[in-house]
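The values are calculated or read from the model by the stated rules, or taken from the named source; none is laboratory data. Because the structure is a prediction, the values reported are computed rather than measured. Note: ideal-geometry Cβ built from the backbone for every residue, glycine included; neighbour counts use all protein chains shown. Quick note on the areas: whole protein, heavy atoms, side chains included, nothing else; ligands and nucleic acids left out. Shrake-Rupley method; radii C 1.70, N 1.55, O 1.52, S 1.80 Å.
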Amino acid sequence: MAEPVRDVAILGGGPSGLTAGLYLRRARIDAVMLEQQLPGGQAVYSPLIENFPGFPEGIPGADLVDLMKQQVDRFELEIKTFAPVQEFVLDGNVKRLRYEGGGLDAYAVIIATGRSPRKIGIPGEEEYAGRGISYCATCDAPLFKEKVVLVVGGGDAAVEEALHLARFASKVILVHRRDELRASSYLQERILSEPRVEFMWNSELREIKGEQTVQSASVYNNVTGETAEVPVSGVFFYVGNEPNTRFLRDIVELNEGGYVVTDDRLESSVPGIFASGDVRANHFKQVILAAAEGALAAMSAQRYLETIGARKAYEGGH
Ligand code: NAP
């Protein structure tokens with residue numbers, strides 16, 4: 001027998017999806033979360049979140065997400081692990097999701113799939129992944145105790161993670177393609193006064209070399225035209241992110257960067273499909289905003305269910 005159509009499917013279990021789940025389950029709506037890994041999203045990798053209200057000393061991203069998960073558990077949100085969506089079909093008011101090993105039908109969908117780290121596509125980047133190349137200082141910094149590491153990028157993420165790495169490594173070299181950081185002025189002040197961090201300005205990482213593991217990096221100076229061979233044990237990339245929206249192409253409107261375009265109630269170009277958090281075409285990517293958007297998407301989804309008359313009576317549990 002076919003599975004019943006669920007009220008709301010939340011795709012992604014980061015702060016946005018978890019908050020959407022909290023709001024929907026607290027409103028006794030039949031919501032189910034689909035998450036490809038463990039709930040948490042990219043916030044898990046942040047060593048210390050200092051700008052989420054309620055935590056005067058800051059809180060590690062993993063701890064914050066754990067608290068969110070505990071809160072959602074109280075309201076019994078069902079969380080299913082799923083493979084990447086292969087098919088997304090619109091069938092009247094019903095949205096049909098198909099993935100390897102399963103599928104799910106729902107009246108409303110909240111896309112909260114976030115973003116993944118961008119790759120820059122240089123020689124050695126794939127080859128040494130996990131052998132000196134990392135996208136997560138929070139996870140891997142202790143492996144580089146008293147070693148020299150290189151961080152690529154000049155945004156908030158690069159600076160925050162370089163500061164974290166400086167607690168372990170003997171030296172952190174930050175390679176940035178311009179002579180000015182993009183990061184917020186607060187983070188800039190902190191990194192510019194950190195003695196273990198050195199800067200290579202106007203510089204582009206061109207190649208990573210090694211044997212079993214990373215041993216050196218070729219860094220090109222785009223002002224002098226010179227290339228330096230820098231001995232390093234690790235390379236951390238923070239050159240931005242790409243939205244996880246491949247499965248949505250031809251389904252909802254995406255902007256030129258691939259982010260989901262929504263109205264101010266966070267509804268996409270398709271009625272009943274909402275987007276919240278980092279995957280949405282918004283101006284700022286912050287955990288607090290992702291959580292707030294999750295709440296807004298949940299309330300908008302609830303309104304949508306009422307509009308189409310699809311909201312089921314809550315019978316407790318699933
Ligand atoms: P980002 O702000 O987009 O910065 C990416 C950095 O990588 C930029 O400095 C960029 O250089 C550089 N870059 C991009 N492509 C490159 C390439 N191919 N080669 C070399 N360098 C390249 O990304 P992010 O730092 O991951 O931050 C993403 C969002 O999350 C931002 O909105 C940020 O504010 C937010 N965030 C906030 C916090 C916080 O508030 N504590 C922490 C982490 C992230 P250019 O500067 O020259 O463009």
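Would you pick out the residues in the stretch 15-67 that are out of contact with any strand residue (DSSP E or B) (no Cβ under 7 Å at 6 or more places or on another chain) and aromatic (Phe, Trp, Tyr)?
Those that are out of contact with any strand residue (DSSP E or B) (no Cβ under 7 Å at 6 or more places or on another chain) and aromatic (Phe, Trp, Tyr): TYR23, TYR45, PHE55.
Here is a list: ALA290, ALA313. Which entry is among the small types (Gly, Ala, Ser), open to solvent by less than 60 Å² (accessible area, probe 1.4 Å) and either more than 14 Å from the ligand (Cβ to nearest atom) or at pLDDT 95 or above (or both)?
ALA290
May I ask you to list the residues in the stretch 190-200 that are open to solvent by less than 80 Å² (accessible area, probe 1.4 Å) and more than 25 Å from the chain's Cα centre (by Cα)?
Within the stretch 190-200, GLU194, VAL197, PHE199, MET200 meet the criteria.
Mind checking which pairs have a first residue in the stretch 130-143 that is touching a residue at least 12 places away in the same chain (Cβ under 8 Å) and a second that is aliphatic (A, V, I, L, M), Cβ under 7 Å, 6 or more apart or different chains?
What qualifies is ARG131/VAL214; GLY132/VAL214; GLY132/VAL235; ILE133/ILE208; ILE133/VAL214; ILE133/VAL235; ALA137/LEU165; ALA141/LEU165.
With LEU248, LEU205 as the choices, which residue is under 20 Å from the mean Cα position of the chain (by Cα), in contact (Cβ under 8 Å) with a residue 24 or more places away in the chain and open to solvent by less than 70 Å² (accessible area, probe 1.4 Å)?
None of the other options fit; the residue is LEU248.
Suppose we filter the stretch 129-139 for residues that are outside any strand (DSSP E or B) and surrounded by 20 or more Cβ atoms within 10 Å (Cβ to Cβ); how many remain?
Final tally of qualifying residues: 3.
If you take the residues in the stretch 83-116 that are open to solvent by 60 Å² or more (accessible area, probe 1.4 Å) and assigned to a strand (DSSP E or B), which one is farthest from the ligand (Cβ to nearest atom)?
Residue satisfying both the conditions and the ranking: ASP91.
Among the residues of the stretch 212-245 satisfying the criterion of being out of contact with any strand residue (DSSP E or B) (no Cβ under 7 Å at 6 or more places or on another chain) and free of Cβ contacts under 8 Å to residues at least 60 places away in the same chain, which is surrounded by the fewest Cβ atoms within 10 Å (Cβ to Cβ)?
It comes out as GLY225.
Going through LYS119, LYS145, LYS69, LYS80 one at a time, which residue ends up being surrounded by fewer than 21 Cβ atoms within 10 Å (Cβ to Cβ), basic (Lys, Arg) and within 16 Å of the ligand (Cβ to nearest atom)?
LYS119
For the stretch 169-180, enumerate the residues that are under 16 Å from VAL152 (Cβ atoms), of a type outside the set (Lys, Arg) and more than 7 Å from the ligand (Cβ to nearest atom).
Passing the criteria: ALA169, VAL172, ILE173, LEU174, VAL175, ASP179, GLU180.
Among the residues of the stretch 22-51, write down those that are part of a loop (DSSP other than H, G, I, E, B) and at pLDDT below 95.
GLN36, GLN37, LEU38, PRO39, GLY40, SER46, PRO47, LEU48, GLU50, ASN51
Out of all the residues in the stretch 171-189, which are surrounded by fewer than 16 Cβ atoms within 10 Å (Cβ to Cβ) and farther than 28 Å from GLY225 by Cα?
SER184, SER185, TYR186, GLU189
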